[in-house]
2 protein chains.
Amino acid sequence: MASSIHDLARHLNISIGTVSRALNGRADVNAETRQRVLEAARKLNYSPNQSGRSLRQGATRSIAFMLQPHPGDQQYGEPFFIPFLTGLQARLAEYDLDLMVVMGEPGQYQQERLRRVVETRRADAVVLANTRREDDRIDYLSKAGFPFATLGRSQSGGDTYPSLDIDFEKAGDEAVDRLVARGHRRIAAIRPSLDLNFGYLFLDGYRKALKRHGIEVDPGLIADGFINEAGGYQVTPRVMLSKDRPTAIIFNNDAMALGGCKALAEMGIRPGHDIAVIVIVDTPLCRYFSPALTAFRPSLEPMGRRLAEMLLASLPAFAGPEGTRIMREVWPLELVARESD
Amino acid sequence: MASSIHDLARHLNISIGTVSRALNGRADVNAETRQRVLEAARKLNYSPNQSGRSLRQGATRSIAFMLQPHPGDQQYGEPFFIPFLTGLQARLAEYDLDLMVVMGEPGQYQQERLRRVVETRRADAVVLANTRREDDRIDYLSKAGFPFATLGRSQSGGDTYPSLDIDFEKAGDEAVDRLVARGHRRIAAIRPSLDLNFGYLFLDGYRKALKRHGIEVDPGLIADGFINEAGGYQVTPRVMLSKDRPTAIIFNNDAMALGGCKALAEMGIRPGHDIAVIVIVDTPLCRYFSPALTAFRPSLEPMGRRLAEMLLASLPAFAGPEGTRIMREVWPLELVARESD
DNA sequence: CGTTTTTCCGTAAACGTTTACGACAACACA
DNA sequence: TGTGTTGTCGTAAACGTTTACGGAAAAACG
């Protein structure tokens, strides 16, 4: 039913070799025959079968994006990733590459799904999200020699793969700066308890800025919680009950901030009035919350496009000049001042 | 580098045919040989190459999900789809099927991307989202005889494909019911202006309920706008300036509701006090907005799983008994009463 | 023991491409 | 005219599977 290159060749009284060469723009084919082939292809509605192509060329022309919802993240749904995916997909599409999305079950170990993609050669490369500080997915891919790039940094694997991250450290630093400038000295930090790397980066920036301002780091003002609303709700009272109450909190995650604000409300503490609140990664939720939450916003769609470029540049089949390979980029966040601080 | 079935066969001193049969669980292979093959496969870390498989079997074992961001929908990002995708992907994964995500550029015509998937046989079936009332994607797929399912109903194509939708009509009806029960008689309806089918369904329910309550439908209380925040912001004043002001508004979209509330605020009208507001499709945004918006909530993740099942049941390769094919399902929404009405 | 059935396995074709290689004709050049 | 070059095309192998077919050995049966 679907027309193959054989049909086309038969219809033109020509060999399949010539047809293929004509379609692929090779030099050794007569201009007039090429014309005839192209016309016939259009008329018979011929497009090359991707499976045949993949098999022969050893490349599937598709990239896998591995997204792992955090455990306990049901209805919420990571508004973070759609814009990123949009950008990633847009750039890949320009190179006629498909995007395959592989999610783990929330909380489940993703390694197995990854192996399947790699071993059955379902994709030519993968993009990792939710990078852990020590990430066995990275170890595995490095060892397997399978091309990949990561959204977020990791300590695993060295500088051998392209990675694009947000500058959490600088954001943590700037958040403290801003709060200190507004007179705060007791500043709490709340971050996810998982091994997610950005939690560490954020805290580094937080500590550095405090030190710079000559403020002692109080461990009682730092708390880790589950990376969702319940986590923020649960852990926020902990810092509020420290003997010398903080006058500001920096949340390292929007969902945790939302939960934290709920806890604050129940304690009769009003963000924006009784306490200053800043969120490190902005999402639409921060904007519509009341009070609207001051937050640091990344440019997700451009980041998606950029990571696609970085990945492609590292692939032999797409690589430009050797020198253009970019292995590591850290993008700034933009402060969106709203009402909560 | 990657081991093929030939390596495995050579290593075992056996023919590739037998190896393949052993791995695929066919009956005509000795139990002991099968054991040896399986062990060797594990030892040599062998997995069948998907391209080779696809070519031979004429099936790629992947499903394409076509998602088209609405024009002008940048930073916002459709929180609607991630839970749905999660469910879809989860069920597909159980059948060892991959999910390929194809997005159009926001606003761009998606037909071309769809053709590419179909003609190059990159997927075995597609799932359509953002279904239009008259949807040429459906016409195309029907004519091409390519299997597909849709999230959302359409008038195109008849009852020949599985579709799963939310009961917008009932939601519109119930919203009116609820408002009337609370004493409202001037109820406005704001919906997207595009040809998106759910806008029509919603309005049908809205009209039906009004009629049932003996309330005349006032065209001045119905307005169409762009399906984003700006659209809601722009169009809401229009219904508010009708000579006999509405005391309630039903928004057919969360983003439009947010924009509408902004417009209301600027007119000094407070949702939940001066006017009642109900949103037809709930998202996290509705919950965190202030006042929290009363809304009708779908079960997106189960819907994703369900649509996967329906699609699979319609595919010859996966079909159960002939009678089990489900072509059309409409799922209820759950009212989440909050502060805005 | 002879015949039939069953069990198991190897052979080879097929899926739809791409591409290395060689062949042939046309042409240029001396 | 003979030789070398260039342009164009056909042939066939290869990518890694699955599977229809047939054959040999083993088992079952009389």
Among residues of region A:111-134, those that are over 15 Å from the mean Cα position of the chain (by Cα), part of a loop (DSSP other than H, G, I, E, B) and either among the aromatic types (Phe, Trp, Tyr) or closer than 19 Å to residue A:311 by Cβ (or both), counted: 4
Which listed residue is more than 20 Å from residue B:58 (Cβ to Cβ) and either within 7 Å of DNA strand C (Cβ to nearest atom) or at pLDDT 95 or above (or both), from A:27, A:2, A:22: A:22
Condition met for residue B:160 (surrounded by 17 or more Cβ atoms within 10 Å (Cβ to Cβ) and not aliphatic (A, V, I, L, M)): no
Cross-chain or 6+ apart pairs with Cβ under 7 Å, region A:83-104 first and more than 19 Å from residue B:60 (Cα to Cα), then at pLDDT below 95 and basic (Lys, Arg): A:104/A:113
Residue list for region A:1-59, filter: in a helix (DSSP H, G or I), away from DNA strand D (no atom under 12 Å from the Cβ) and more than 26 Å from residue B:49 (Cα to Cα): A:7, A:11, A:23, A:38, A:39, A:40, A:41, A:42, A:43
Sole exception among (1) in contact with a helix residue (DSSP H, G or I) (Cβ under 8 Å, 6 or more places away or on another chain); (2) farther than 29 Å from residue A:109 by Cβ for residue B:86, by number: (2)
Verdict on residue B:315 being over 18 Å from the mean Cα position of the chain (by Cα) and in contact (Cβ under 8 Å) with a residue 24 or more places away in the chain: yes
Every residue from region B:119-132 that is more than 14 Å from chain A (Cβ to nearest Cβ) and at pLDDT below 90: B:131, B:132
Residue A:299 small (Gly, Ala, Ser) and surrounded by 24 or more Cβ atoms within 10 Å (Cβ to Cβ): no
Out of A:207, A:191, A:238, sole residue that is closer than 19 Å to residue A:261 by Cβ, modelled with pLDDT of 95 or more and in a helix (DSSP H, G or I): A:238
Out of B:276, B:308, B:292, B:248, sole residue that is crowded, with 22+ Cβ neighbours inside 10 Å, within 14 Å of chain A (Cβ to nearest Cβ), in contact with an Asp or Glu (Cβ under 9 Å, 6 or more places away or on another chain) and not polar (S, T, N, Q): B:308
Filtered residues of region A:105-117 (kept if of a type in the set (Lys, Arg) and in contact (Cβ under 8 Å) with a residue 24 or more places away in the chain): A:113, A:115
Region A:251-263 residues that are touching a residue at least 40 places away in the same chain (Cβ under 8 Å), paired with ones that are among the polar types (S, T, N, Q) (beta carbon under 6 Å, 6 or more apart): A:254/A:283; A:255/A:228; A:260/A:236
Filtered residues of region B:31-55 (kept if within 11 Å of DNA strand C (Cβ to nearest atom) and surrounded by fewer than 11 Cβ atoms within 10 Å (Cβ to Cβ)): B:31, B:32
Region A:90-110: number of residues that are outside any loop (DSSP other than H, G, I, E, B) and more than 8 Å from chain B (Cβ to nearest Cβ): 3
Residue list for region B:56-71, restricted to those being at the interface with another protein chain (Cβ under 9 Å from one of its Cβ atoms), modelled with pLDDT of 95 or more and more than 16 Å from DNA strand C (Cβ to nearest atom): B:62, B:64, B:65
Residue match in region A:133-155 (condition: among the aliphatic types (A, V, I, L, M), surrounded by fewer than 20 Cβ atoms within 10 Å (Cβ to Cβ) and either free of Cβ contacts under 8 Å to residues at least 12 places away in the same chain or under 24 Å from residue A:277 (Cα atoms) (or both)): no
Enumeration of residues in region B:288-341 that are modelled with pLDDT under 95, over 30 Å from residue B:260 (Cα atoms) and outside any helix (DSSP H, G or I): B:315, B:316, B:317, B:318, B:319, B:320, B:321, B:325, B:326, B:327, B:328
Top-ranked residue of region A:251-270 - restricted to ones that are surrounded by 24 or more Cβ atoms within 10 Å (Cβ to Cβ) and outside any helix (DSSP H, G or I), ranked as modelled with the lowest pLDDT: A:253
Count of residues meeting criterion [near DNA strand C (Cβ under 8 Å from one of its atoms) and away from chain B (no Cβ under 14 Å)] in region A:7-17: 3
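The values are calculated or read from the model by the stated rules, or taken from the named source; none is laboratory data. Bear in mind the structure is a predicted one, so any value in this text is a computation, not a measurement. All Cβ positions, even for glycine, are placed from backbone atoms using ideal geometry, and neighbour counts span all protein chains on display.
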